[in-house]
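Please treat every number below as a calculation from the coordinates, not as lab data. Predicted, not measured: the structure shown is a model, and the values here were computed from it. Virtual Cβ from ideal backbone geometry, glycine too; neighbours counted across all protein chains shown.
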Amino acid sequence: MDLEEAEEFKERCSQCAAVSWGLTDEGKYYCTSCHNVTERSQEVINTDLIPNTQIKALNRGLKKKNNSEKGWDWYVCEGFQNILCQQAEALKNLGIGPELKNDVLHNFWKRYLQKSKQAYCKNPVYTTGRKPTVLEDNLSHSDWASEPELLSDVSCPPFLESGAESQSDIHTRKPFPISKASQSETSVCSGSLDGVEYSQRKEKGIVKMTVPQTLAFCYLSLLWQREAITLSDLLRFVEEDHIPYINAFQHFPEQMKLYGRDRGIFGIESWPDYEDIYKKTIEVGTFLDLPRFPDITEDCYLHPNILCMKYLMEVNLPDEMHNLTCHVVKMTGMGEVDFLTFDPIAKMAKTVKYDVQAVAIIVVVLKLLFLLDDNLEWSLSNLAEKHNEKNKKDKPWFDFRKWYQIMKKAFDEKKQKWEEARAKYLWKSEKPLYYSFVDKPVAYKKREMVVNLQKQFSTLVDSTATAGKKSPSSFQFNWTEEDTDRTCFHGHSLQGVLKEKGQSLLTKNSLYWLSTQKFCRCYCTHVTTYEESNYSLSYQFILNLFSFLLRIKTSLLHEEVSLVEKKLFEKKYSVTKKKSRSKKARRH
Amino acid sequence: MSDFSEELKGPVTDDEVETSVLTGAGMHFPWLQTYVETVAIGGKRKKDFAQTTSACLSFVQEALLKHQWQQAAEYMYSYFQTLEDSDSYKRQAAPEIIWKLGSEILFYHPKSNVETFNTFADRMKNVGVMNYLKISLQHALYLLHHGMLKDAKRNLSEAETWRHGENTSSRGILINLIQAYKGLLQYYTWSKKKMELSKLDKDDYAYNAVAQDVFNHSWKTSANISALIKIPGVWDPFVKSYVEMLEFYGDRDGAQEVLTNYAYDEKFPSNPNAHIYLYNFLKRQKAPRSKMISVLKILYQIVPSHKLMLEFHTLLRKSEKEEHHKLGLEVLFGVLDFAGCTKNITAWKYLAKYLKKTLMGNHLAWVQDEWNSRKNWWPNFHFSYFWAKSDWKEDTALACEKAFVAGLLLGKGCRYFRYILKQDHQILGKKIKRMKRSVKKYSIVNPRFSY
């Protein structure tokens, strides 16, 4: 028995109040004076498994080996913490700075635990209704002292200081003491200690953690850091398995067993949905009572000017269109810091769907230039085609028809591949989730059977066809000048669709139609419904193309286009002078 | 310009190609299916797992349809996860789907072999125990297809003795089928032994041993098959082999009972073969004509174009009853109604002869009865100028018979008749002349109205 190792454990014994501990063979602390064995055990986790030692510190004292079958005692929030950890690590591998994980995400999470009264507070939810442990105060303070790195963190973002509670008010303690008796009750229905209770808990005003919520945390941290990843990128990386999400639980430490209710909490059978995560992000941001986020300025990736450039490149449109998108951004005020920056404490907390908005701006510009009424764009294409034939040496005019043909082909191929890849997606984890110990052998047998069948069929599959997963990229399409089959339109000019008037350029097309005639008057969030068949085919194609890129519903993009239009044309009268381009909007 | 956007409302086009797959169960409407599914879950969004696995299933089916075995195997690899579906209904349906698609892939895939198939079948038998017997049977059929009779037999025996708690009692017809197939395999061995026996001399020292062997086999087989053929259904090969064995051992009454039951029991689906077997049996037994006529009468109602109809006609012709004679004419007309029989020279010969006989017997009304419903289309169907030319070229004898019939039915002015008449054929010359005379005398058409 190693007394030296037990020295770091400084709590008082609950029986005799002495601080003199030894370690039993099982790694538990026992009091050398009264031989009382505690629930706590020495920290044994391998640091490789959970690299973030700060987050890991929360686990201290919780791991207790029951027996190899039952595994450790663990809490649901620890599971989420582990997933967040994995996700943060994955983001780091994608090239995001380590501060995201160590400072931002870590602090968000701590704040969440505190706000939801799971830890860092006086009366954690887990103790309610249970006999409070003796020496509460001493205990919490001694814990406090033993974990100085937790909250006196120098690199802590300012919001913690500016938060409602000052440091000294925050009481950390062994987060979830739980009696042994209740363990055996709950362990029937869940692997985690509080799985059953957790799945039943419904408390007003508290945002309950779910697996999709972990992505909201990730996105919030990315947003805080102003990283060059949009929400749609993040979700696409999840879908492409670059970020742990589905079956993230299978990377839990071996001793964290999941079954029963944990299945409903950690088992995920859907990819994250853009709108859902977006909503959750705002929800979490508000719940955490976060201060205004760092400003989104013109040099930020999330600024519409930069995102528009990115998406113009992605869909092979001329670079010259960027001037127009910038113009629209300016006119609508969508590039302003106050508009772009997320402020959860503001009265109406909302953040901008940066990616959707940028794409919507491009759609509006396309409508300004080509009208997209299944008519004008084609006649303009005829002009461009003729011009290009005559002037082969000049910079070619942008030919909408040619662009459409190339994009349609590329898009269809991409979509087909995407659908095939989705159909082939393997959802089930190596660790099957089961309801109870009775089901366990059945679940494992099923798994084994599936693995065997797959092994057998894998010999029938062409080995070259199943290449490894592609490396993550924020671009899905690649257009280069060298590729002769697929024309790159980046360098093409818009001369054919613009005309000079005085010093400014006007669009040849002087008409415009609004995607939405009437905005919903009620307070519901939806702006309008998108009935595909009511719109021109070109418009449909463009919406389909962009919404595929962002993996969102077409109606969401249509809605965003309508919102941009609303802003654009409301300002029309006040800025007539500046706006030399005549955009005649007809409104009812 | 006020309602400009109204004008923009483009035509409704649906260029989405539905990849609907015709499954064995009949028509398949993918759009309907998705609609029904959303209704079932109250408009709630389906989980992506459910969406992708059902998409995966369509991809497997599509690949199978296009004979892309490799792709099918690729998608199948992913489809196996439905065995772990949390939706218990889907999970339970999965083994059968996987078995059907998987065995199809393994049957055709170039890299597959008997061993792979066996492993797969054995695995699938134990995934969903409900399918054990079905899979065993299909597995045995696969082995039979590959000529592995012994393995197939062993497989069937295993299936026969399989027990699984409550499921044992609900094995239903499958167990009978399995036993019957086993019986069929035994019949095959028996049949081979019988062949051996027939080659052996009675005095051969091996004769008795083989004969004993043959006898033993028969006994086991009949027990195996007889249970199945009592259940309503179409059991042609089983019935046939069973009867063959019964006959071989002289149990004629038994055989007749089996066949009569098979043909006449109303619970059985209508099956022409049942009547054919019975007729052939009666013929072998030299049964009275009236009995055979009554059997063929039923066959005539089910398959009027069957080749046995000519035999039926002969029987009717030989009968003493007048109504049989009339029916005999009907049968011949009936046979020739079918495109597949138009070049059947016997049928034409019979018709030519019988028409003449009927007309000579002053039964013009019978002929007109038959002809009335056919006079609109037979001329073009059988007696066109084109047919006259090609028939003459291919088979002059046939052309002659047809010409005679045409002459009798349409008169001497009809194109077919005239064309054949014009052909100057030395050997047939006499026959044609005789034909011309008969036509003149007996044609049902008044020469003035012929065309």
Approximate spin-label separation B:ALA227-B:GLN301, in nm, with each point projected 7 Å along Cα-to-Cβ:
3.4
With label points built 7 Å along Cα→Cβ from the Cα atoms of A:ASN391 and A:TRP418, find their separation and express it in nm.
3.7
Need the C-alpha centroid separation for the range A:290-363 versus the range B:71-111, integer Å.
47
What is the average number of partner chain Cβ atoms found within 10 Å of a Cβ in B:65-74?
3
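By the scheme Lys and Arg +1, Asp and Glu -1, what is the net charge of all other residues having a beta-carbon under 13 Å from that of B:THR119?
Within the 13 Å Cβ shell, the charges total +1.
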Below 8 Å, C-alpha to C-alpha, sequence gap of six or more: please give me the relative contact order for the range B:173-267 in percent.
32
Expressed as a whole-number percentage, the relative contact order of the range B:57-105 with C-alpha contacts under 8 angstrom and at least six residues apart is 36
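Could you tell me which of the pairs A:LYS408/B:LYS90; A:LYS204/A:LYS353; A:LYS350/A:LYS428; A:LYS390/A:LYS508; A:LYS347/A:LYS553 are separated by over 25 angstrom between their Cα atoms in the structure shown?
Values: A:LYS408/B:LYS90 36 Å; A:LYS204/A:LYS353 28 Å; A:LYS350/A:LYS428 36 Å; A:LYS390/A:LYS508 21 Å; A:LYS347/A:LYS553 28 Å.
Flagged as over cut-off: A:LYS408/B:LYS90; A:LYS204/A:LYS353; A:LYS350/A:LYS428; A:LYS347/A:LYS553.
Fewest first, what order do A:SER379, B:SER86, B:SER103 take by the number of other Cβ atoms within 10 Å?
A:SER379, B:SER86, B:SER103
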FRET efficiency (B:ASP203, B:ASP122; Cβ distance; R0 56 Å; to 0.05) is 0.70
Which of the residue pairs A:LYS417/B:LYS111; A:LYS110/A:LYS279; A:LYS330/A:LYS367; A:LYS415/A:LYS567 have a Cα-Cα distance greater than 29 Å in the structure shown?
A:LYS415/A:LYS567
Express in nm, to one decimal, how much length is gained between B:MET130 and B:THR260 on full extension, taking 0.36 nm for each residue of separation and deducting their alpha carbon distance.
43.3 nm
Pairs of lysines in the range B:173-267 (C-alpha under 20 Å apart; 8 or more residues apart or interchain)
20
Residues B:ASP253, B:ASP236 arranged by fewest to most Cβ contacts within 10 Å
B:ASP253, B:ASP236
Approximate spin-label separation A:ASN382-B:LYS150, in nm, with each point projected 7 Å along Cα-to-Cβ:
8.0
Per-residue mean of other chain beta-carbon atoms within 10 angstrom of the beta-carbon, peptide A:445-452?
4
Could you list A:ASP276, A:ASP194 so that the one with the fewest beta carbons within 10 Å of its beta carbon is first and the one with the most is last?
A:ASP276, A:ASP194
